[in-house]
1. Sorted from largest to smallest, which semi-axis lengths in Å does the alpha carbon gyration tensor of the chain give for its equivalent ellipsoid, taking the root of 5 times each eigenvalue?
2. With the other protein chains left in place, how much accessible area per residue, in square angstrom, belongs to the range 1-40 at a 1.4 angstrom probe?
3. With a bin width of 10 angstrom, please list the P(r) values of the range 169-306 as percents of all Cα-Cα pairs, from the 0 bin to the one holding the largest distance.
4. Compute the normalised compactness of the range 1-134: alpha-carbon radius of gyration over 2.2 N^0.38 Å, N being the residue count.
5. At R0 = 30 Å, how high is the FRET efficiency between Ser165 and Ala360 if r is their beta carbon distance? Nearest 0.05 is fine.
6. Normalised by the empirical 2.2 N^0.38 Å for globular proteins, what value does the Cα Rg of the range 18-81 take?
7. Using the Karplus equation 6.51 cos²θ - 1.76 cosθ + 1.60 (θ = phi - 60°), what ³J(HN,Hα) coupling, rounded to whole Hz, does each residue of the range 83-90 give in order, writing x for Gly and Pro?
8. Quick check: residue separation of Asp326 and His3 times 0.36 nm, minus the Cα distance between them. What number comes out in nm?
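The values are calculated or read from the model by the stated rules, or taken from the named source; none is laboratory data. Bear in mind the structure is a predicted one, so any value in this text is a computation, not a measurement. Ideal geometry is used to build each Cβ from the backbone, glycine not excepted, and the neighbour counts take in all protein chains shown. When the accessible area is computed, the model is the full protein with side chains, heavy atoms only, and any ligands, DNA or RNA have been set aside. Shrake-Rupley method; radii C 1.70, N 1.55, O 1.52, S 1.80 Å.
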Amino acid sequence: MRHRIAVVGSGPAGLTFARVLHRHDYPVAVLERDPAPDARPPGGTLDLHEGLGQLALDKAGLLAEFQALSRPEGQAMRILDAAGTVLRDWRPRPDDRANPEIDRGQLRDLLLGPLDVRWGRGVTQVVPGTRDGVLVHFADGRQETFDLVVGADGAWSRVRPAVSSVTPQYTGVTLVETSLDDVDTRHPDLARLIGDGSVAVYGVSRALVAQRNSGGHVKVYAQFRAPLDWHTNLDLADVEAVRSSLLALFDGWAAPVLDLLRHGTAFVHRPLYVLPVSHTWTHVSGVTLLGDAAHLMPPLGAGANLAMLEGAELAESIATGPGDLDEAVRAFEEQMWARAGRWAKITTAGLERLVSPDPAEALALFDQVQPS
């Protein structure tokens with residue numbers, strides 16, 4: 001007898017979980033509040049690591065398709081100082097596939113494949129322990145019960161309160177995102193500055209990072225330490241006002257670096273939140289969490305990778321295990337907590353060094369993680 005399983009959220013974690021179950025001919029309901037896959041911009045690029053995200057795609061039978069879509073050249077990384085001097089310029093070997101990049105939208109479409117997602121099904125509450133199983137309340141007033149509900153619904157998860165009262169806390173670091181389109185044609189100097197992958201410029205408690213996506217699209221992130229209400233007297237919808245505020249914040253930096261902000265088309269405010277480094281919970285039968293819902297951490301390349309591998313591992317344990325659903329989930333949680341805790345410590349320490357009063361800390365961190 002197959003269990004009634006639902007996963008809430010159609011991000012990398014939820015879709016990987018569903019896709020691995022699908023590979024094992026195991027039914028799963030994917031519940032997503034967005035009305036369609038393209039209802040929101042999918043976000044920037046992701047580097048998928050060999051032993052994490054790529055392993056998850058292998059478990060889903062999608063590794064070859066990923067390799068055809070991914071950009072190994074996107075692993076290139078260039079570090080500048082605020083004066084525009086190139087301090088480091090790492091370029092991958094032609095056969096280096098350790099952390100190739102892929103656009104989030106491409107990854108989403110790859111994972112979606114044949115999955116039947118219930119679009120427009122926003123979950124408002126999950127209630128475990130009812131007579132018929134775990135009760136899911138939807139925004140439209142409907143209800144449905146399942147044997148297992150997996151929360152893969154991100155930082156502000158509606159599933160998390162069923163197992164944990166913990167909520168995300170502000171790190172003190174804010175990101176403001178902007179974009180450049182058709183960069184090779186419209187901004188060739190910036191295209192050369194960015195190269196095939198990313199360029200990062202570090203100053204005192206602030207940074208500018210630009211990441212190349214496919215199709216000549218570039219995401220730019222201004223990062224700085226500030227109170228959560230730093231923008232109180234600023235209209236975030238006023239593009240020119242935000243641009244002026246950021247240019248003032250980075251005043252004195254090299255003109256080519258500031259052009260990353262001058263040519264940005266729109267600005268999105270993204271304060272960074274995290275969950276406690278060792279976030280765990282007392283096991284609740286019928287409910288568990290994946291990815292950011294379970295262990296929100298600074299965006300330093302680990303989150304999506306961990307989320308995808310967790311989704312794949314949980315799906316495999318359900319589909320191929322001895323049949324005790326609750327024991328499979330309990331064992332999975334113990335494994336997830338241990339691994340996520342290690343990565344949360346690494347990324348939390350990394351954020352402190354990347355947005356630091358001493359820019360040399362950022363350079364030293366990259367020297368530790370980049371190949372010599």
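1. Output for the chain: semi-axes of 37, 22, 19 Å.
2. Working: 1860 Å² over 40 residues.
So the range 1-40 comes to 47 Å² accessible per residue, rounded to a whole number.
3. All Cα pairs, binned at 10 Å, distribute as 10, 36, 31, 16, 6, 1 percent.
4. 1.32
5. Values: r = 40 Å, r/R0 = 1.33.
After rounding, the FRET efficiency stands at 0.15.
6. Values: Rg = 15.6 Å, N = 64, 2.2 N^0.38 = 10.7 Å.
In units of the 2.2 N^0.38 Å rule of thumb, it is 1.46.
7. 7, x, 6, 6, 9, 9, 8, 8
8. On the way: separation 323, 0.36 × 323 = 116.28 nm, distance 1.09 nm.
Length gained, Asp326 through His3: 115.2 nm.
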